[in-house]
1. Working out 0.36 nm times the residue gap between Ile5 and Ile83, then minus their Cα-Cα distance, what length gain in nm do you get to one decimal?
2. Quick one: which of 56-62, 33-39, 75-81 comes out on top by average Cβ neighbours within 10 Å, and what's the full order, highest first?
3. Can you put Val71, Val65 in order of Cβ neighbours within 10 angstrom, beginning with the fewest?
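We did not get these values from a lab; they are worked out from the coordinates using the rules stated. Computed from a predicted structure; not experimentally measured. Note: ideal-geometry Cβ built from the backbone for every residue, glycine included; neighbour counts use all protein chains shown.
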Amino acid sequence: MNKQIKLLLVGLCFSVAIFAAQAGEAAEAGGKIKLLIFSGANNHDWKTTTPALKAFYEASGRFSVDITDDVPGFNPGEFKKYIRCPRRL
């Protein structure tokens, strides 16, 4: 298996694990999960893998995907668009 495919699979598994809990809540509420991909750096072919990840998630119909290539310039206040507060019981 080539290195790009391995990296893509690792990224997919990691992302799915992080957002699995939110997926159930979004499905119940009928909304899409907002997902932010940090890209544009590292020692892998991010110009290929980032669009593949975005297409994968959006094709499910359950995610709304944004991408930032300016990780150092990302405003931490923007995270609130992507974080869900748990429902109160």
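1. Full extension from Ile5 to Ile83 adds 25.2 nm.
2. 33-39, 56-62, 75-81
3. Neighbour counts put them in this order, fewest first: Val71, Val65.
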